[in-house]
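Read the figures in this text as sums done on the coordinates, not as results from a lab. Since the model is a prediction, treat every value here as computed from it, not as a measurement. Glycine also receives a Cβ, built like all others from the backbone with ideal geometry; neighbour counts cover every protein chain displayed.
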There are 2 protein chains.
Amino acid sequence: MAANSQFAIAVHILTVLAKAGEGNNVKSDYIAASVNTNPVVIRRLLGDLNQSKLVVSQTGANGGTRLAKCPKEINMADIHKAISCGKTFALHRQTNDDCPIGKNIQCVLEKLQVEINDVVEAKLAQFSLQSVLEAVEEVGCKKGKVLN
Amino acid sequence: MAANSQFAIAVHILTVLAKAGEGNNVKSDYIAASVNTNPVVIRRLLGDLNQSKLVVSQTGANGGTRLAKCPKEINMADIHKAISCGKTFALHRQTNDDCPIGKNIQCVLEKLQVEINDVVEAKLAQFSLQSVLEAVEEVGCKKGKVLN
DNA sequence: CATAACTGTAATAACTTTAGTTACAAATAT
DNA sequence: ATATTTGTAACTAAAGTTATTACAGTTATG
């Protein structure tokens, strides 16, 4: 599939901030090194996270970014909404109005899309940033531990 | 977001076949006209649907494609699986192993991905091709009717 | 208060993915 | 035999995503 990795990077960013601890500024350069990308990519995502009040940034010397709330109060759905990374599947372009199917399928698909989006967000809401941080620190996956 | 529209087109294709009725071959040209794309795009997707035994195709004069089962026995999850249209979100590329977060976040995200995928498929499984066809024929959306 | 260290963001380039097209071999009804 | 239709390869075009460069604006700190 298509798929940009912005949500994955955003989770990564916030996990780094959570690990840094409350009130500690982390620089985009540091995060970029962990994610292995360019600092500008990080700063752009931080902009979105900022708008959603998940993080607070500070310009100037000794600046950086820190969490705006504690990791228990941030969940994966918050992040998913902050990064407008959209839909599980895309609609197709303009269909043929002369065909009874082509004419109406789009709006049926749209409804389906909404239903899917709802269950995705509900599921994402079950995982807090805190739990992700813990899973990462415990290298939970190697032990087969499931997130929660 | 990214997102290809293959799933949407596949649903469209199968809805056209469902409307055509059991045992009736439909040509890729006809479907392409409804979807408003090139017949080859349709034939490629039909190939996937064929492999998943959702449709049967016939080459030669008077050939075409028809459903392999009745529309009540096909659901949106079947289609989603047939079109390997993947994940709700993409992972990011190689992270930095020297960072404790970078080193382990990938596999935590993978698990999350699996959980999300599961709820998506479970939800998709609730909608049969039959119900989609009915919704399209009733122009369900204009009436605010929800799929089911 | 000058300086160095940061963020924010625009502009743009490089890369990747997706969709569309052309072309033609193989199959088959009539 | 012939016309039709699928299946698929090869290629082009378009769109989307990520990476990079550059620099203006902010601020801690000596």
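Restrict the check to region B:35-51 and report whether at least one residue is within 14 Å of A:G102 (Cα to Cα), in contact with a His (Cβ under 7 Å, 6 or more places away or on another chain) and surrounded by 15 or more Cβ atoms within 10 Å (Cβ to Cβ). Yes, there is a match, as at least one residue in region B:35-51 is within 14 Å of A:G102 (Cα to Cα), in contact with a His (Cβ under 7 Å, 6 or more places away or on another chain) and surrounded by 15 or more Cβ atoms within 10 Å (Cβ to Cβ).
Please work out which residue is farthest from DNA strand D (Cβ to nearest atom), limiting yourself to region B:39-61 and to residues that are within 14 Å of another protein chain (Cβ to nearest Cβ) and in contact with an Asp or Glu (Cβ under 9 Å, 6 or more places away or on another chain). The residue in question is B:I42. The single condition among (1) hydrophobic (A, V, I, L, M, F, W, C); (2) within 14 Å of another protein chain (Cβ to nearest Cβ); (3) within 24 Å of B:N4 (Cα to Cα) that B:I74 does not satisfy is (2). Criterion applied to A:G47, A:G64, A:G60 was being within 13 Å of the chain's Cα centre (by Cα), near DNA strand C (Cβ under 6 Å from one of its atoms) and not hydrophobic (A, V, I, L, M, F, W, C), and the one residue passing it is A:G47.
Within region A:25-38, can you find the residues that are within 14 Å of another protein chain (Cβ to nearest Cβ) and more than 16 Å from B:H92 (Cβ to Cβ)? Give the steps one after another, and end with the answer.
From region A:25-38, those within 14 Å of another protein chain (Cβ to nearest Cβ) are A:26-27, A:29-38; that's our starting set.
Scanning region A:25-38 gives A:V26, A:K27, A:D29, A:Y30.
Looking only at residues that are assigned to a loop (DSSP other than H, G, I, E, B) and of a type in the set (G, A, S) in region A:52-87, which one is surrounded by the most Cβ atoms within 10 Å (Cβ to Cβ)? Quick ask: steps written out before the conclusion?
Of all residues in region A:52-87, those assigned to a loop (DSSP other than H, G, I, E, B) come to A:52-54, A:59-63, A:68-70, A:74, A:83-87.
In the following step, the residues that additionally are of a type in the set (G, A, S) were identified as A:52, A:60-61, A:63, A:68, A:84, A:86.
Details: A:S52: 15, A:G60: 6, A:A61: 5, A:G63: 11, A:A68: 16, A:S84: 10, A:G86: 19.
Checked region A:52-87; the qualifying residue surrounded by the most Cβ atoms within 10 Å (Cβ to Cβ) is A:G86.
Which is outside any strand (DSSP E or B), within 16 Å of DNA strand D (Cβ to nearest atom), within 10 Å of chain B (Cβ to nearest Cβ) and free of Cβ contacts under 8 Å to residues at least 12 places away in the same chain, of A:A8, A:A90? So that I can check it myself, show each step before the final result.
Numbers: A:A90 fails: free of Cβ contacts under 8 Å to residues at least 12 places away in the same chain.
One residue alone meets the criteria, A:A8.
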